[in-house]
Amino acid sequence: MAINTGVLAEMEIPESYVTSLPKSGRASLGDSIYNYMCSSKEKFAPEHLLNCLKIKSDHEAADFADRVEASMYTWRRKAGIYHTKSSWGMVKGVMTEIDRNDKNHVLAERAETLLFCLKQRYPELAQTTLDTCKIQYNRVSTQDQVVLF
């Protein structure tokens, strides 16, 4: 079943996903990718990074997308961006209050850009673990609400 990405963006991020995040984005991505994301101070080139990774299959791409997304939310949490929905309006509103020079904020933005480029390069990419969690959580929440009525 295909779900619109806009609808997914508006869905609440389940607490189970948030608690499953690694303690550091570096742990999720690995040292070499983390170092690349940190070392390019001025201009981050996600396309160059994707070319260097030489992803050979859709399965590898999906696995990498999960790791990047987990890192992105880990860094957002550390930067003080505590929203449970990932809609652009909420992110934009919170970002005005956040120090844009904070290392975690910069890394979260770079991870988001990298994830976007990865999804463009692999348009048939399977849903990420977060997307699957959102769908399952939303189904359970909807069923619970129906039972209450």
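Would you check which residues across the range 16-33 are surrounded by 11 or more Cβ atoms within 10 Å (Cβ to Cβ) and within 15 Å of the chain's Cα centre (by Cα) and list them? Tyr17, Val18, Ser20, Leu21, Pro22, Ser24, Gly25, Arg26, Ala27, Ser28, Leu29, listed by residue number.
Among the residues of the range 18-32, those identified as over 20 Å from Leu125 (Cα atoms), of a type outside the set (Val, Ile, Thr) and part of a helix (DSSP H, G or I) are Ser20, Gly25, Arg26, Ala27, Asp31, Ser32. So Thr142 passes all but one of these: (1) part of a helix (DSSP H, G or I); (2) at pLDDT 75 or above. Which condition number does it fail? The single condition Thr142 does not satisfy is (2). For the range 79-127, a residue qualifies if it is modelled with pLDDT of 90 or more, in contact with a helix residue (DSSP H, G or I) (Cβ under 6 Å, 6 or more places away or on another chain) and either within 21 Å of Arg26 (Cβ to Cβ) or open to solvent by 90 Å² or more (accessible area, probe 1.4 Å) (or both), and the qualifying residues are Asn104, Leu107, Ala108, Arg110, Ala111, Glu112, Thr113, Leu114, Leu115, Cys117, Leu118. For Glu47, are the conditions met, namely being in a helix (DSSP H, G or I), among the acidic types (Asp, Glu) and open to solvent by less than 50 Å² (accessible area, probe 1.4 Å)? For Glu47, the condition - in a helix (DSSP H, G or I), among the acidic types (Asp, Glu) and open to solvent by less than 50 Å² (accessible area, probe 1.4 Å) - is not met.
Take the conditions open to solvent by 40 Å² or more (accessible area, probe 1.4 Å), out of contact with any Phe, Trp or Tyr (no Cβ under 6 Å at 6 or more places or on another chain) and farther than 17 Å from Thr129 by Cβ and apply them to Ser57. Does it pass? Yes: the conditions hold for Ser57.
The values are calculated or read from the model by the stated rules, or taken from the named source; none is laboratory data. Predicted model only: the values in this text are computed from it and were never measured. Counting neighbours? That spans all protein chains shown, and the Cβs are built from the backbone with ideal geometry, glycine included. Surface areas here come from the heavy atoms of the whole protein model, side chains and all, with no ligands, DNA or RNA. Shrake-Rupley method; radii C 1.70, N 1.55, O 1.52, S 1.80 Å.
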